[in-house]
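Heads up, the thing below is written out as structure tokens.
The values are calculated or read from the model by the stated rules, or taken from the named source; none is laboratory data. No experiment lies behind these values; they were computed from the predicted model shown. Cβ: placed from backbone, ideal geometry, glycine included. Neighbour counts: every protein chain shown. Note: accessible area is taken over every heavy atom of the protein model, side chains too, but ligands, DNA and RNA are not part of it. Shrake-Rupley method; radii C 1.70, N 1.55, O 1.52, S 1.80 Å.
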Amino acid sequence: MSVPHTLTARPHRPLPPDVVAELRDAAVMRRAAALVDIDIDELPITFSPHHGGERLAATRTAAELLLARLELLLPCPDCAGTDQRLDCAQELGTLEARLAAAAARAQFALASLLRHPDLYAA
């Protein structure tokens, strides 16, 4: 997946709230991964049961890992002590909520797949 440089550039510059709200789940995960210095480019991120249980489990695990690491990041070392610190805290809070929701969606899709594998057979 090609990710715009503004999502992964360092040092961190907070994105406007409306931009963060419009990001797809995969972009939210990539943004969070860049903030905590984890490379997730090779992970098979998906939220569809049609892509299989392994990919859904990897997506859920990645979202949970990023959420845990992002919680440890606060306050952001790039923005602490700057005029951007409040915007940064707002963005990180939004990313945390979006990661928790992404993990829940992946878990729901995985549960659906496990309960009804015949519905998602290729």
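Can you work out which of the residues in region 47-65 that are in contact with an Asp or Glu (Cβ under 9 Å, 6 or more places away or on another chain) and not polar (S, T, N, Q) is least open to solvent (accessible area, probe 1.4 Å)? If you could, list the steps in order and put the result at the bottom.
Looking only at region 47-65, we keep the residues that are in contact with an Asp or Glu (Cβ under 9 Å, 6 or more places away or on another chain), and these are 47, 59, 63.
Then keep just the ones that are not polar (S, T, N, Q); that gives 47, 63.
Numbers: 47: 58, 63: 0 Å².
Here the answer is 63.
One residue is enough: does region 11-19 have a residue meeting the conditions open to solvent by less than 40 Å² (accessible area, probe 1.4 Å), in contact with a helix residue (DSSP H, G or I) (Cβ under 9 Å, 6 or more places away or on another chain) and at pLDDT below 90?
Step one: list which residues in region 11-19 are open to solvent by less than 40 Å² (accessible area, probe 1.4 Å), which gives 12, 14-15.
Cutting the leftovers down to in contact with a helix residue (DSSP H, G or I) (Cβ under 9 Å, 6 or more places away or on another chain) gives us 12, 14-15.
If we keep only those that are at pLDDT below 90 too, we end up with 12.
Yes, some residue in region 11-19 is open to solvent by less than 40 Å² (accessible area, probe 1.4 Å), in contact with a helix residue (DSSP H, G or I) (Cβ under 9 Å, 6 or more places away or on another chain) and at pLDDT below 90.
Restricting to region 69-79, and then to whatever is open to solvent by less than 40 Å² (accessible area, probe 1.4 Å) and in a helix (DSSP H, G or I), can you tell me which residue is modelled with the highest pLDDT? Break it down into steps so the answer makes sense when it comes.
Going residue by residue through region 69-79, those that are open to solvent by less than 40 Å² (accessible area, probe 1.4 Å) are 70, 73, 76, 79.
The next check asks that each one be in a helix (DSSP H, G or I); those that pass are 70, 73.
Working: 70: 92, 73: 82.
Of everything passing the filter in region 69-79, 70 is modelled with the highest pLDDT.
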Residues satisfying the stated conditions in region 105-122, i.e. within 19 Å of residue 44 (Cβ to Cβ) and either assigned to a helix (DSSP H, G or I) or open to solvent by less than 60 Å² (accessible area, probe 1.4 Å) (or both): 105, 106, 107, 108, 109, 110, 111, 112, 113, 114, 117, 120
Filter region 97-122 down to residues that are over 17 Å from the mean Cα position of the chain (by Cα) and small (Gly, Ala, Ser) and give me whichever is modelled with the highest pLDDT. 111
Listed by first then second residue, the pairs whose first member lies in region 80-108 and is touching a residue at least 60 places away in the same chain (Cβ under 8 Å), whose partner is part of a helix (DSSP H, G or I) and open to solvent by 60 Å² or more (accessible area, probe 1.4 Å), with beta carbons under 7 Å and at least 6 positions apart or on separate chains, are 90/17; 94/17
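Here's the yes/no breakdown for (1) open to solvent by 40 Å² or more (accessible area, probe 1.4 Å); (2) assigned to a loop (DSSP other than H, G, I, E, B); (3) of a type in the set (Ser, Thr, Tyr):
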{"position": "45", "(1), (2), (3)": "no, yes, no"}
{"position": "67", "(1), (2), (3)": "no, no, no"}
{"position": "81", "(1), (2), (3)": "yes, yes, no"}
{"position": "86", "(1), (2), (3)": "yes, no, no"}
{"position": "91", "(1), (2), (3)": "no, no, no"}
{"position": "97", "(1), (2), (3)": "yes, no, no"}
{"position": "100", "(1), (2), (3)": "yes, no, no"}
Among (1) crowded, with 18+ Cβ neighbours inside 10 Å; (2) hydroxyl-bearing (Ser, Thr, Tyr); (3) more than 15 Å from the chain's Cα centre (by Cα), where does residue 6 come up short? (1)
